[in-house]
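One structure is given below, encoded as structure tokens.
The values are calculated or read from the model by the stated rules, or taken from the named source; none is laboratory data. Bear in mind that the values here come from a model prediction, so they are computed numbers and not experimental data. No Cβ is skipped: glycine too gets one built from the backbone with ideal geometry, and neighbour counts run over all protein chains shown.
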Amino acid sequence: MKDKTVCVCPPEVSHEGFASLATPTYRASTIAFPNAQAFAKRMERGPSGYVYGLHGTPTTRTLEASISALEGAKYTMLQPSGQASISLVFLALLKPGDTVLVPDCAYPPVSTLCNGYLAERGIHHRVYDPLIGADIAAELDDSVKLVWVESPGSATMEVQDLRAIVRAARERGIPVGIDNTWASPLHFKPLNYGADIVVEALTKYFGGHSDLLMGSVSVNDDGLYDRLKSTLSMLGIGVSPDDCSLVLRGMETMAVRLKHGSDVALDFATRMANRMDAKMVLHPALPSHPQHDMWKRDFAGASALFSIVVPADMASELDGHIDNAKTFSIGASWGGTHSLMVPMAIGAMRQFTGNAPGGLVLRLSIGMEDPDDLWADLEPIIDMIARVHPA
């Protein structure tokens with residue numbers, strides 16, 4: 001070969017004797033075919049075949065297979081964010097005239113999607129009480145084509161009765177999808193409880209270092225997979241193999257990080273409940289939580305994410321304590337090594353005000369810092385609330 005060709009087509013080297021513990025990062029846009037006939041028949045490789053880099057490389061397939069193994073799923077598809085994953089489900093399963101039921105505790109961008117893009121295209125949604133349980137049957141008219149669940153709610157921690165919701169929806173042949181990011185498949189496996197679709201924001205515990213965005217959709221049903229995969233392909237949505245490598249690396253320590261964060265979070269929540277009104281500490285693993293028994297029934301463990309309720313008249317004082325925090329960072333998301341706190345005015349976002357805490361919710365994500373340093377940031381806030389709302 002001439003020099004210019006060698007620059008583009010390097011000589012083959014032997015891989016004999018090479019065995020790395022790391023998953024290789026395969027980057028590709030073009031997928032090369034061995035001959036013209038193989039290219040002509042490329043669609044016969046099926047939805048999981050390698051035909052173009054947008055639709056996956058061995059790196060993305062390894063991540064998909066790993067997530068499927070954790071979820072107990074037959075198929076997993078990757079998207080650029082958790083919200084993109086939710087949007088994919090809604091766009092694939094809903095058409096004009098259809099209705100999706102969304103819990104009042106859902107991640108706020110879900111409501112934005114429903115009120116904006118979907119509503120403008122004749123797709124309806126109805127918000128339901130997250131504690132509705134089996135009574136959701138009354139909401140299942142002929143227009144409902146999807147029931148969405150988020151459990152626990154990622155700000156106010158309501159635990160939904162997934163089993164009861166699934167039973168009611170299954171009688172009408174309606175699929176149930178769930179955002180399982182709070183627990184991850186390490187602590188809850190929704191497909192084992194009858195859910196048809198499970199979404200994870202891999203941005204959180206899977207990635208684990210606040211440096212990437214990715215989401216996943218996992219299913220067992222072949223028909224659902226075909227609809228989701230077809231929509232994904234038509235929209236031209238793909239993920240970077242480099243980001244997939246980071247998620248695979250994050251997964252290696254996910255169990256250790258989640259255990260540490262959840263243990264510290266529960267310890268903090270318990271200490272808080274002993275000093276202030278326990279109803280103001282929103283953590284499903286606390287016996288004082290209204291759905292504690294349901295959480296204990298279904299979940300294998302808790303999360304490093306929980307919230308506390310701050311009375312509205314303490315908002316300005318709270319801001320001062322947040323600004324003075326030395327260890328917590330202020331920002332959205334969770335599941336990373338850095339602890340986060342973010343104040344949220346939840347009541348104004350809710351339709352079922354009986355379940356929504358008044359005042360502010362301070363959401364806390366516990367990372368990997370020393371617990372003593374974290375507690376030093378939280379103690380002034382706890383003292384502030386306990387002055388007016390003692391245990």
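Of the residues making up the stretch 146-166, those that are over 16 Å from the mean Cα position of the chain (by Cα) and crowded, with 24+ Cβ neighbours inside 10 Å are VAL147, ILE165. Scanning the stretch 185-206 for residues that are touching a Phe, Trp or Tyr at 6+ places or on another chain (Cβ under 6 Å) and of a type outside the set (Phe, Trp, Tyr) yields HIS187, LYS204.
Residues that are closer than 21 Å to ASP211 by Cβ and among the charged types (D, E, K, R) do occur in the stretch 362-369, at least one of them. Evaluation of LEU101 against the conditions (1) of a type outside the set (S, T, N, Q); (2) without any contact (Cβ under 8 Å) to a residue 40 or more places away in the chain; (3) not in a loop (DSSP other than H, G, I, E, B) shows that the sole unmet condition is (2).
Condition check ((1) crowded, with 21+ Cβ neighbours inside 10 Å; (2) at pLDDT below 90; (3) not basic (Lys, Arg)) across all residues:
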{"residue": "SER316", "(1), (2), (3)": "no, no, yes"}
{"residue": "ILE322", "(1), (2), (3)": "no, no, yes"}
{"residue": "GLN351", "(1), (2), (3)": "no, yes, yes"}
{"residue": "GLY358", "(1), (2), (3)": "no, yes, yes"}
{"residue": "LEU364", "(1), (2), (3)": "yes, no, yes"}
{"residue": "MET368", "(1), (2), (3)": "no, no, yes"}
{"residue": "PRO371", "(1), (2), (3)": "no, no, yes"}
{"residue": "LEU374", "(1), (2), (3)": "yes, no, yes"}
{"residue": "ASP377", "(1), (2), (3)": "no, no, yes"}
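If the condition is being out of contact with any helix residue (DSSP H, G or I) (no Cβ under 8 Å at 6 or more places or on another chain), of a type outside the set (Ser, Thr, Tyr) and farther than 10 Å from ARG126 by Cα, then the stretch 136-149 contributes ALA138, ASP141, ASP142. Scanning the stretch 251-282 for residues that are of a type outside the set (A, V, I, L, M) and in contact with a His (Cβ under 6 Å, 6 or more places away or on another chain) yields one hit, ASP277. So for the stretch 73-81 (the condition being of a type in the set (S, T, N, Q), in contact with a Phe, Trp or Tyr (Cβ under 8 Å, 6 or more places away or on another chain), under 18 Å from TYR225 (Cα atoms) and buried (at least 17 other Cβ atoms within 10 Å of the Cβ)), does at least one residue qualify? Taking every residue of the stretch 73-81 in turn, none turns out to be of a type in the set (S, T, N, Q), in contact with a Phe, Trp or Tyr (Cβ under 8 Å, 6 or more places away or on another chain), under 18 Å from TYR225 (Cα atoms) and buried (at least 17 other Cβ atoms within 10 Å of the Cβ).
With respect to being part of a helix (DSSP H, G or I) and surrounded by fewer than 16 Cβ atoms within 10 Å (Cβ to Cβ), ALA138 fits the description. Being outside any loop (DSSP other than H, G, I, E, B) and touching an Asp or Glu at 6+ places or on another chain (Cβ under 9 Å) is the filter here, so list the residues in the stretch 326-350 that pass it. Within the stretch 326-350, ILE330, MET341, PRO343, MET349 meet the criteria.
Restricting attention to the stretch 241-272, the residues that are touching a residue at least 12 places away in the same chain (Cβ under 8 Å), farther than 17 Å from SER303 by Cβ and not basic (Lys, Arg) add up to 8.
Go through the stretch 27-42 and give me each residue that's exposed (fewer than 10 other Cβ atoms within 10 Å of the Cβ) and not in a loop (DSSP other than H, G, I, E, B). The answer is ALA36, GLN37. Residues satisfying the criterion are absent from the stretch 258-273 (criterion: outside any helix (DSSP H, G or I) and buried (at least 20 other Cβ atoms within 10 Å of the Cβ)). For the stretch 143-179, give me each residue that is in contact with a Phe, Trp or Tyr (Cβ under 7 Å, 6 or more places away or on another chain), of a type outside the set (D, E, K, R) and touching a residue at least 60 places away in the same chain (Cβ under 8 Å). Correct list: PRO152, SER154, MET157, VAL159, LEU162, GLY177. With respect to (1) surrounded by 10 or more Cβ atoms within 10 Å (Cβ to Cβ); (2) free of Cβ contacts under 8 Å to residues at least 40 places away in the same chain; (3) outside the structural domain of ARG121 (by TED's automatic domain parsing), the lone exception for SER87 is condition (3). Scanning the stretch 167-184 for residues that are surrounded by 24 or more Cβ atoms within 10 Å (Cβ to Cβ) and among the acidic types (Asp, Glu) gives a single hit, ASP179.
Condition check ((1) part of a loop (DSSP other than H, G, I, E, B); (2) under 26 Å from VAL217 (Cβ atoms); (3) not assigned by TED's automatic domain parsing to the domain that holds GLU200) across all residues:
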{"position": "MET1", "(1), (2), (3)": "yes, no, yes"}
{"position": "SER14", "(1), (2), (3)": "yes, no, yes"}
{"position": "GLY17", "(1), (2), (3)": "yes, no, yes"}
{"position": "SER20", "(1), (2), (3)": "yes, no, yes"}
{"position": "THR25", "(1), (2), (3)": "yes, yes, yes"}
{"position": "GLU44", "(1), (2), (3)": "no, yes, no"}
{"position": "PRO47", "(1), (2), (3)": "yes, yes, no"}
{"position": "LEU54", "(1), (2), (3)": "no, yes, no"}
{"position": "GLU64", "(1), (2), (3)": "no, yes, no"}
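The set of residues in the stretch 126-135 being within 18 Å of VAL159 (Cα to Cα) and either β-branched (Val, Ile, Thr) or assigned to a strand (DSSP E or B) (or both) consists of VAL127, TYR128, ILE132.
If you go through the stretch 347-389 and keep only what is without any contact (Cβ under 8 Å) to a residue 60 or more places away in the chain, more than 14 Å from PHE306 (Cα to Cα) and either in contact with a Pro (Cβ under 8 Å, 6 or more places away or on another chain) or among the aromatic types (Phe, Trp, Tyr) (or both), you end up with GLY347, GLY358, GLY359.
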